[in-house]
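*Asks:* Below you'll find the structure I mean.
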Amino acid sequence: MPRWLDGGLRQAGALDRRWALGLHRSTTRPALLRLLVCTSRLGDAPAWLLLAALLPLLDTTHGAGLALQLVGLGSVNLALYLALKLGTRRMRPCQQCAGIRARMRPADRFSFPSGHTLHAVAFAALLAARYPLLALPLALFAVLVALSRVVLGLHYPSDVLAGALIGLGTASTMLLLSPPPG
């Protein structure tokens, strides 16, 4: 590897660790930590599956089609997520950074990319395309999920950035190939 590239990667890694540590240390209030744990839990797969199951009941006109899109998007994202997780095998900050501890149990061993962020951004983008009035709350929720993963010591900022970009990319592709029903 060229020296300039190796040095740049080391600097980027050091910056990623500093930001992870800073965000992790920034939140010490128990009530805020509980909120972030709850937000992170809402980003778990069962919550997204429940949403897909409820959509046909909440929107009798378009909900079934949108639920199928969410399941399809989730399947594509899961495949990408697993390939990247197993391909990179990046250790979590709570496993390798002094001063960072996991404030909740991680779903798996590896950190890159953040699957919670990937799914939150992808689903928020897909749902916002169908329900534009919900775009801001959906975006805020996705940002809060991403932030929670770093604050809770489970991901580096670059993990959530990568997850967000992948989620936005897959949702955008799905919307281009198959616009929301209605």
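*Asks:* With the checklist (1) within 24 Å of Leu50 (Cα to Cα); (2) surrounded by 14 or more Cβ atoms within 10 Å (Cβ to Cβ) in hand, flag the one item Arg103 doesn't pass.
*Replies:* That leaves (1) as the condition not met.
*Asks:* Pick out the one residue from Leu36, Leu66, Leu49 that is surrounded by 14 or more Cβ atoms within 10 Å (Cβ to Cβ) and touching a Lys or Arg at 6+ places or on another chain (Cβ under 6 Å).
*Replies:* Numbers: Leu36 fails: touching a Lys or Arg at 6+ places or on another chain (Cβ under 6 Å); Leu49 fails: touching a Lys or Arg at 6+ places or on another chain (Cβ under 6 Å).
Only one candidate qualifies: Leu66.
*Asks:* While we're here: Testing Gly72 on (1) more than 29 Å from Tyr131 (Cβ to Cβ); (2) out of contact with any Lys or Arg (no Cβ under 6 Å at 6 or more places or on another chain), one condition comes back false. Which one is that?
*Replies:* (1)
*Asks:* Related question: Taking His116 as the residue in question, decide whether it is modelled with pLDDT under 90 and surrounded by 15 or more Cβ atoms within 10 Å (Cβ to Cβ).
*Replies:* Working: modelled with pLDDT under 90: no; surrounded by 15 or more Cβ atoms within 10 Å (Cβ to Cβ): yes.
Against the criterion (modelled with pLDDT under 90 and surrounded by 15 or more Cβ atoms within 10 Å (Cβ to Cβ)), His116 does not qualify.
*Asks:* Which residue pairs have Cβ atoms closer than 6 Å, lie 6 or more positions apart in sequence or on different chains, and pair a first residue in region 119-135 that is under 16 Å from Ala162 (Cα atoms) with a second residue that is at pLDDT 95 or above and not aliphatic (A, V, I, L, M)?
*Replies:* Here the result reads Val121/Gly167; Ala122/Gly167; Ala122/Thr170, each pair linking region 119-135 to a residue that is at pLDDT 95 or above and not aliphatic (A, V, I, L, M).
*Asks:* Say we look at region 139-176 and pick out the residues that are of a type in the set (S, T, N, Q) and in contact with a helix residue (DSSP H, G or I) (Cβ under 6 Å, 6 or more places away or on another chain); which of these is surrounded by the most Cβ atoms within 10 Å (Cβ to Cβ)? Even if it seems obvious, please write down each step before you answer.
*Replies:* Step one: of region 139-176, the residues of a type in the set (S, T, N, Q) are 148, 158, 170, 172-173.
Next cut, in contact with a helix residue (DSSP H, G or I) (Cβ under 6 Å, 6 or more places away or on another chain) only: 148, 158, 170.
Values: Ser148: 30, Ser158: 21, Thr170: 22.
The selected residue is Ser148.
*Asks:* Of all residues in region 136-156, which are over 12 Å from Phe123 (Cβ atoms) and either under 11 Å from the mean Cα position of the chain (by Cα) or assigned to a loop (DSSP other than H, G, I, E, B) (or both)?
*Replies:* We begin by selecting, within region 136-156, every residue over 12 Å from Phe123 (Cβ atoms); these are 136-137, 140, 143-144, 146-156.
Once the filter is applied, which keeps residues that are over 12 Å from Phe123 (Cβ atoms) and either under 11 Å from the mean Cα position of the chain (by Cα) or assigned to a loop (DSSP other than H, G, I, E, B) (or both), region 136-156 yields Val143, Leu144, Ala146, Leu147, Ser148, Arg149, Val150, Leu152, Gly153, Leu154, His155, Tyr156.
*Asks:* Filter region 68-86 down to residues that are among the small types (Gly, Ala, Ser) and more than 15 Å from the chain's Cα centre (by Cα), then give me how many there are.
*Replies:* 2
The values are calculated or read from the model by the stated rules, or taken from the named source; none is laboratory data. Not measured: the values here are computed from a predicted model. Methodologically, a virtual Cβ is constructed for each residue, glycine included, from the backbone with ideal geometry; neighbour enumeration extends over all protein chains shown.
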